[in-house]
Amino acid sequence: MTKKPSEKNICLNKHARLNYFIDDVYEAGIVLVGTEVKSLRAGMANLKESYARISNGEMFLYDMHVSPYSHGNRANHDPLRKRKLLLHGKEIKKLYGKTRERGMTLVPMRLYFKNGKVKVELGLGKGKKLYDKRTDIKLREDRREMERQFKMKRRK
């Protein structure tokens, strides 16, 4: 997850790497209406339980919550509507084949602006079991403890 100077994060899915082994990462555009873009500029989006799925040769993002724009009128958008993702046809076919494998899924990892356009970073991953999550948490805690010990030695 390298952030370039022209990119501005809107929101992150912090649970993506905790709950999935991410193999590949893809960047996709997203089709939005005007009030959604205004809400995203205000940072009012949530990717927590969202997922991507391919149907009829097109890719859609489901359950991404974009709060209604506060100054919008009756033409405001539906917060949980499905949104079309923009990828090349070859990429969609490749991802369709990979998601047919057992346990593979497309997880949105972050939402960001790139050169004025909203982009979604999709991770192709496999779900982790409970013991995998515990192992990751244990490794992270051990790493933090080692860093603390190292800092304490340097201070003395």
Q) So which trypsin sites (Lys or Arg not before Pro) in segment 25-96 are both in a DSSP loop and have at most 10 other Cβ atoms within 10 Å of their Cβ? A) ARG74
Q) Using Cα atoms only, what is the angle between the long axis of helix 89-99 and the major principal axis of the chain, expressed in degrees (0 to 90) to the nearest 10? A) 50
Q: Quote the charge dipole size of the chain about the Cα centre in Debye, to the nearest 20; the model charges only the Cβ of Lys and Arg (+1) and of Asp and Glu (-1).
A: 720
**Q.** Under the Karplus curve 6.51 cos²θ - 1.76 cosθ + 1.60, θ = phi - 60°, whole-Hz ³J(HN,Hα) for segment 144-155, x wherever Gly or Pro sits
**A.** 5, 5, 5, 5, 4, 4, 5, 5, 5, 5, 5, 6
Q: State, as an integer percentage, the relative contact order of the chain based on alpha-carbon contacts under 8 Å between residues 6 or more apart.
A: 31
Q. So how far apart, in nm, are the two label points at HIS65 and GLU141 if each is 7 Å from Cα heading toward Cβ?
A. 2.9
Q | the chain: most fluctuating residue of ALA52, ALA16, ALA42 per GNM, C-alpha cutoff 10 Å | A | ALA42
Q) Ordered by residue, what ³J(HN,Hα) values in Hz, to whole numbers, does segment 47-57 give under the Karplus form 6.51 cos²θ - 1.76 cosθ + 1.60, where θ = phi - 60° and Gly and Pro are x? A) 9, 3, 10, 8, 7, 10, 9, 9, 9, 6, x
Q: State the three equivalent ellipsoid semi-axes of the chain, derived from the C-alpha gyration tensor as the square roots of 5 times its eigenvalues, in descending order and whole Å.
A: 32, 22, 14
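Read-outs: derived from the displayed coordinates by stated rules, not from any lab. Predicted model, so just to flag it, every value in this text is computed and none were measured. Cβ atoms come from the backbone with ideal geometry, glycine included; neighbour counts cover every protein chain shown.
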